[in-house]
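Input: a single structure, listed below in structure tokens.
The values are calculated or read from the model by the stated rules, or taken from the named source; none is laboratory data. Since the model is a prediction, treat every value here as computed from it, not as a measurement. Heads up, the Cβs are rebuilt from the backbone with ideal geometry, glycines too, and the neighbour counts pull from every protein chain shown. To get the accessible areas, we keep the full protein, side chains included, count just its heavy atoms, and leave off ligands, DNA and RNA. Shrake-Rupley method; radii C 1.70, N 1.55, O 1.52, S 1.80 Å.
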Amino acid sequence: MEVLVEVHPKQKMEKVEKMIEIISPFDGYDIPDAALGEPSVLPSALGVKIRERLGESKRIIVNQRLADVNELFVRSLAITAKLFSFDVAFTKGDKPRFGKEVTHLTSEKAVEIAKGYGVRSGAMVSLRKTKEEIFRRLDTQADFFLALHFNSLSSLEGLEKERIIPYIIVKTDKNTELIKGISQPSFEEREVPLLIQDLDVIGVRSVLLSAPADLDFFRKIAKIL
């Protein structure tokens, strides 16, 4: 089982260095792009830093909001991803805080472009959709899907688990209030080790852990997994 960690770019280098040290035991990382439409450090910039520190063995997925970019940018990103051995996950993204939405490309088209450069590329899938809608979403050439709104093993029943990466949001003592404002299911931290084992048993190959505003969770879980 491959265990990935969601890492949000920090704006101070000393915080970036500390974060990389804490997450170093895990198999790979997923880096969001301008979450909630707010400006942030580019995922590829943080990806390069992680690659330099932790080496080629780590899987790095950089996310790209398609609400903000045109085809030229996607092609440039694909070239960058190829150079640094990144995967790319495309998402429409929330409305940007500044400027206007571009929305020139669908995630399917962006995946097609990136794969043309030899880059492993994926998209998002919401597990709260109907099974028919999910099957249509999976019926594309994406290499993987970050599965949002994951709430139990039953939500993956009948799906192609090899390409699905369940997004597991972890509620801890430190982030309880923050989690209340997130419109996705969450799991208590004590549930996570067994949940990962159960997902492994049913054929899921990768999971993505997110513990918003609580890096200490990753120190603790790394000792258990």
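Taking the Cα centre of the chain as origin and assigning +1 to Lys and Arg Cβ atoms and -1 to Asp and Glu Cβ atoms, the resulting dipole is close to 440 debye. Every helix of 4 or more DSSP H residues in the chain counts as -39500 (n - 2.57), and over all residues that averages to -10500 deg cm²/dmol at 222 nm. Accessible area per residue for the chain, computed on protein heavy atoms with a 1.4 Å probe, is 51 Å².
Considering only Cα atoms, the convex hull volume of the stretch 1-57 works out to 78 Å³ per residue. The residues neighbouring GLU189, those whose beta-carbon lies less than 11 Å from its own, together hold a net charge of -1 under the Lys/Arg +1, Asp/Glu -1 convention. Solvent exposure of PHE144, expressed as accessible area, is near 10 Å², computed with a probe of 1.4 Å over the protein chains only.
Each Lys or Arg adds one and each Asp or Glu subtracts one; over the other residues with Cβ under 11 Å from the Cβ of LYS161, this totals -2. Of the residues SER152, PRO193, LEU208, the one whose Cα sits farthest toward the positive end of the charge dipole of the chain, with +1 on the Cβ of Lys and Arg and -1 on the Cβ of Asp and Glu, is LEU208. Close amide-amide hydrogen proximity is noted between ILE61 and TYR29, ASP30, ILE31, ASP87, each under 5 Å apart and 5 or more residues distant or on a separate chain (H modeled in the peptide plane; Pro and chain starts excluded). The heavy atoms of MET13 present about 110 square angstrom of accessible area, all protein chains included, probe 1.4 Å. Per-peptide packing, taken as the mean over residues of other Cβ atoms within 10 Å, places 56-66, 101-111 in the sequence 56-66, 101-111 from highest down. For the stretch 2-222, the share of accessible area belonging to carbon and sulfur comes to 50 percent (1.4 Å probe, ligands and nucleic acids excluded). Would the stretch 154-225 count as rounded, prolate or oblate if I go by the C-alpha gyration tensor, calling it rounded below 1.5 in a/c and otherwise prolate when a/b exceeds b/c, oblate otherwise? Since a/c reaches 1.5 but b/c is at least a/b, the shape of the stretch 154-225 is classed as oblate. Within the same chain, aspartates and glutamates fewer than 8 places from LYS95 are excluded, and of the rest, those with a Cα less than 14 Å from its Cα are ASP33, GLU38, ASP68.
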